[in-house]
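A short worksheet on the structure shown next.
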Amino acid sequence: MTSPAERAVPVLHWRPGCPFCLALKLRLRIAGLPYRAVNIWQDQRAADLVRQHNRGDEILPVEALVMSSELTRVDALLDDPVFFAPFAAFFDPRQGRPSIPMETYLRLMFLKFRYRLGYETLCR
């Protein structure tokens, strides 16, 4: 049985050799955030939980599928068609960079601004 303090620490479901799991573990360590790692290849219940949330797959950590409340609110705003209505006349799918939908671009720019991401912070 786990204590209340142990339940307050997030659980990271991982598997050996998973680059996504390794990256998430590294970011948590760098940030100094506590977590409890559960190897899904050694814990069948944990493996079933991960597969349930990932359409039967083990590739992406379940924790990566959950957004913070702040990002959930921003995502809901960006999903609203009314938000894009004033800009629709300026975007033509036949011109520019059709490989990046405007909705995706705006989400990336929000993350870049919110978390101060850029070449200097990520690559140096």
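Every read-out reported here was derived from the displayed coordinates using simple, explicitly stated rules and does not represent laboratory data. These numbers come from a predicted model, not from an experiment. Methodologically, a virtual Cβ is constructed for each residue, glycine included, from the backbone with ideal geometry; neighbour enumeration extends over all protein chains shown.
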For VAL38, what residues show an amide H to amide H distance below 5 Å, using hydrogens built from the backbone and excluding near sequence neighbours? LEU12, HIS13, TRP14
Given a Förster distance of 41 angstrom, what is the FRET efficiency for LEU77 paired with ASN39, based on the Cβ-Cβ distance and rounded to 0.05? 0.60
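If packing is taken as the mean number of other Cβ atoms within 10 Å per residue, what is the order of 78-90, 33-45, 11-23, highest first?
11-23, 33-45, 78-90
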Computed from the beta carbon distance with a Förster radius of 35 Å, FRET efficiency for ARG27 and MET102 to the nearest 0.05 stands at 0.80
